[in-house]
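The values are calculated or read from the model by the stated rules, or taken from the named source; none is laboratory data. Please read all numbers here as calculations on a predicted model, not as lab measurements. Note: ideal-geometry Cβ built from the backbone for every residue, glycine included; neighbour counts use all protein chains shown.
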Amino acid sequence: MPLAANSRELVLKIIFISVATIILSRLFYLQLFEDKYKVMADDIAIMRKIVYPPRGVIYDRKGKVMLNNEVVYDLVVTPIEAKKRVDTLRFCEALGIDTTMYGRLMHRAINKSGWVRQTVFLEQLSEAQAARFQENIFLFNGFQMVERNIRSYPDPHAGVVLGYIGEVSPSMLKRDRFKSYNQGDYVGIDGLELAYEEILRGQRGIYYIEKDNFNRPRDSYKGGALDSPAMAGRSIELHLDADLQAYGENLMANKLGSVVAIDPATGGVLAMVSSPSYNPNLLRGKERSRNFGKLFLDATKPLFNRAMKGSYNPGSTQKPLTALVALDENVITPSFGYPCGGGYYACGKRIGCTHSGGGHAANLRAALANSCNSYFVHIYRLAVDKKAYGNVKAGLHKFYEHMYAFGLGHPLGIDLPGEKGGPLYDVKDYDKMYNGSWNSCTNLFVGMGQGEIATTPLQMANAMCIIANKGFYYTPHFVKSVANNANDPILAPFKIKHKTTNISDSAYAIVGLGMMDVVDKGTGAVARLPGVEVCAKTGTVENKAVVNGQVMKLQNHSMFVAYAPRINPKIASAVVVENAGYGATWAGPVASLMIEKYLNDTIATSRKGLQEKMFNANVIPKYTYIIDSATRLRDKMIWERKQHRLKYQESVKHYQDSLQIRLWIKKNLM
């Protein structure tokens, strides 16, 4: 037994001695041989300098620079070091600030990152500040000038597409995507800047520099052996045409709405206009936060990308899709006609038509050209009531599947963050609305693009690509190549051809001819272009709003969809002009001018008058601002009530303001 006990004691001694030896050896190695830890320990003698690389440049389809870089200098501070020995008066003199501002800036830096972490003290020094500070930098322990690149927009357009950059937020740092970022780093906040952040960002550099006993930078430590060089971000080339984009923004000036133009052969987005637009240079530099606040509070919502987030009933622009379903389901032929005398009465209520004369819906092409409501609600009912399906619920689900395949009811997957997909109702939705008791008369308005269906302009432009391509599309996208490589793996999803339901080429062909008739002899004559077969469809969409509990009938939205030429199409587009009236009056001219500009690179002399009308017109209604005020007032009251911050007198004042708004609406709009 004593022998066994001695053996265990010996083993334990060996284990303890071995562990101690390993720990001591590791400490010895770290102190004498591991440079990384030596640098960290010797912080006074060695300066750690971070270099932020330039972000990748963004070019349009013709090589025009849309987004570039401009070098600026930020002053950063490590508060615990600055506290040791800084001549505050001399420091303030070098920067041209007073001691009060110094105290405020230092307090902000400490609150932001604490005492021991480096953070921004003053952004974007002027040239004079940078020069004076550089001369005296050795006097100001704890401060460094850091070179940064801010974004520059040589052509101040496409703000909602390009996006902007800003300092990474604490909430972003908690997400896996940004776990490699540090407080003070800059990151894409919206648009392509955010969508392609990992490509555009590059890799920041870290350099270790020796300092002399006067705190002046001297040489690279260890000859730069420990440095991590900065790597510039990769550039990207877009399908977007900068000139067409700028032209579209000019056409949509003083209008609410959007324009989307796509190349059907590739899915490349040629232009995406959301109006009102804004100068993206406003969201760069020291004034970014202030300018963002102004844009955010603007009643016309310039930061809101209507092209892929705005949801609208498609109106008559839906009719080509309804026709394709009816043809595919074999409930009509191209020669099918409907005896419309000015309205549809089969469901016990009148649905009016613009035309009342005989023959305006004698066949499918005529019905498309004249946009006959009766024809399309009728063929919608024929499709969903098809006997082969047994009941209307099975027929409605089949219609839903067709629409979903056309890209409705879900986001398409464009390479921008925040895309929305408008609502598209299926059987379960109608069952919930009507307790399971409904029929084709309940939702017949869907056949003419009203009721329980809504789309984004991006979805409607993509639907035109499907018709132009006779049954397929590529996911709409902006980026054409990454660092001159069109086959970069990140672009692989946009090379996939999406085939829709097995609708025949002949069905697409007859609908295309009907859309050509819309322009040649129907409601879309404004889009005629000499020598170009333009296929289009007008849309005039009912527009209602609920403000302070009141349902208001507002001015109709003007909509227009098109593609051209009919054979070998080069461009497909959708235009929405909110609160503007008929589709042919406002959206039609904008769409046709965009198509002409893209195909011909110029506007015919005979159409310059139309162009000037679009440039100079202001169709933003006054009630846009009134409704916005009412909405903000309502939201403010709700928030203050939740926070228990609404005093009695303030509540009375809000009520009086709300009453005045309601009276104005009743007098002017109802």
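General remarks:
- Residue check: SER356 meets all listed conditions (1) without any contact (Cβ under 8 Å) to a residue 60 or more places away in the chain; (2) buried (at least 19 other Cβ atoms within 10 Å of the Cβ); (3) among the hydroxyl-bearing types (Ser, Thr, Tyr) but one, namely (2).
- One residue alone among VAL518, VAL541, VAL532 is touching a Ser or Thr at 6+ places or on another chain (Cβ under 9 Å), in contact (Cβ under 8 Å) with a residue 24 or more places away in the chain and surrounded by fewer than 24 Cβ atoms within 10 Å (Cβ to Cβ), and that residue is VAL541.
Yes/no per residue for (1) hydrophobic (A, V, I, L, M, F, W, C); (2) in a strand (DSSP E or B); (3) assigned by TED's automatic domain parsing to the domain that holds GLN459:
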| position | (1), (2), (3) |
| --- | --- |
| THR540 | no, yes, yes |
| ASN543 | no, yes, yes |
| LYS553 | no, yes, yes |
| PHE560 | yes, yes, yes |
| GLY583 | no, no, yes |
| ALA591 | yes, no, yes |
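- Hits in the range 577-628 - residues which are modelled with pLDDT of 90 or more and touching a Phe, Trp or Tyr at 6+ places or on another chain (Cβ under 6 Å): VAL577, ALA587, GLY588, ALA591, LYS597
- The number of residues in the range 556-595 being more than 21 Å from PHE615 (Cα to Cα) and either without any contact (Cβ under 8 Å) to a residue 12 or more places away in the chain or among the hydroxyl-bearing types (Ser, Thr, Tyr) (or both) comes to 2.
- PHE292 meets each of the listed conditions (1) farther than 26 Å from VAL519 by Cβ; (2) aromatic (Phe, Trp, Tyr); (3) not in a helix (DSSP H, G or I) apart from (3).
Yes or no, residue by residue, for (1) within 45 Å of the chain's Cα centre (by Cα); (2) over 30 Å from VAL482 (Cα atoms); (3) modelled with pLDDT under 75; (4) among the aliphatic types (A, V, I, L, M):
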site	(1), (2), (3), (4)
VAL11	no, yes, yes, yes
TYR29	no, yes, yes, no
LYS36	yes, yes, yes, no
ILE44	no, yes, yes, yes
MET66	yes, no, no, yes
ALA94	yes, yes, no, yes
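- Meets criteria (in contact with a Gly (Cβ under 8 Å, 6 or more places away or on another chain) and of a type in the set (D, E, K, R)) for ASP505: yes
- Screening TRP586 against (1) closer than 18 Å to MET252 by Cα; (2) in contact with a helix residue (DSSP H, G or I) (Cβ under 7 Å, 6 or more places away or on another chain) leaves a single unmet condition, (2).
- Note on the range 186-206: among residues that are of a type in the set (D, E, K, R) and without any contact (Cβ under 8 Å) to a residue 40 or more places away in the chain, the one that is surrounded by the most Cβ atoms within 10 Å (Cβ to Cβ) is GLU197.
- Looking only at the range 110-143, and only at residues there that are among the aromatic types (Phe, Trp, Tyr) and surrounded by 17 or more Cβ atoms within 10 Å (Cβ to Cβ), the one that is farthest from the chain's Cα centre (by Cα): PHE140
- Looking across the range 390-410, the residues that are buried (at least 17 other Cβ atoms within 10 Å of the Cβ) and either basic (Lys, Arg) or free of Cβ contacts under 8 Å to residues at least 40 places away in the same chain (or both) come down to LYS393, LYS398, TYR400, GLY409.
- The residues in the range 484-513 that are within 20 Å of PHE472 (Cβ to Cβ) and outside any loop (DSSP other than H, G, I, E, B) can be counted, and the count is 17.
- Where a residue in the range 317-343 is touching a residue at least 12 places away in the same chain (Cβ under 8 Å) and its partner, wherever it lies, is surrounded by fewer than 16 Cβ atoms within 10 Å (Cβ to Cβ) and among the basic types (Lys, Arg), with Cβ under 8 Å and at least six apart: GLY343/ARG350
- Here the helices (runs of 4 or more DSSP H) wholly within the range 332-435 that include at least 1 residues being touching a strand residue (DSSP E or B) at 6+ places or on another chain (Cβ under 8 Å) are 364-370, 373-384, 392-405.
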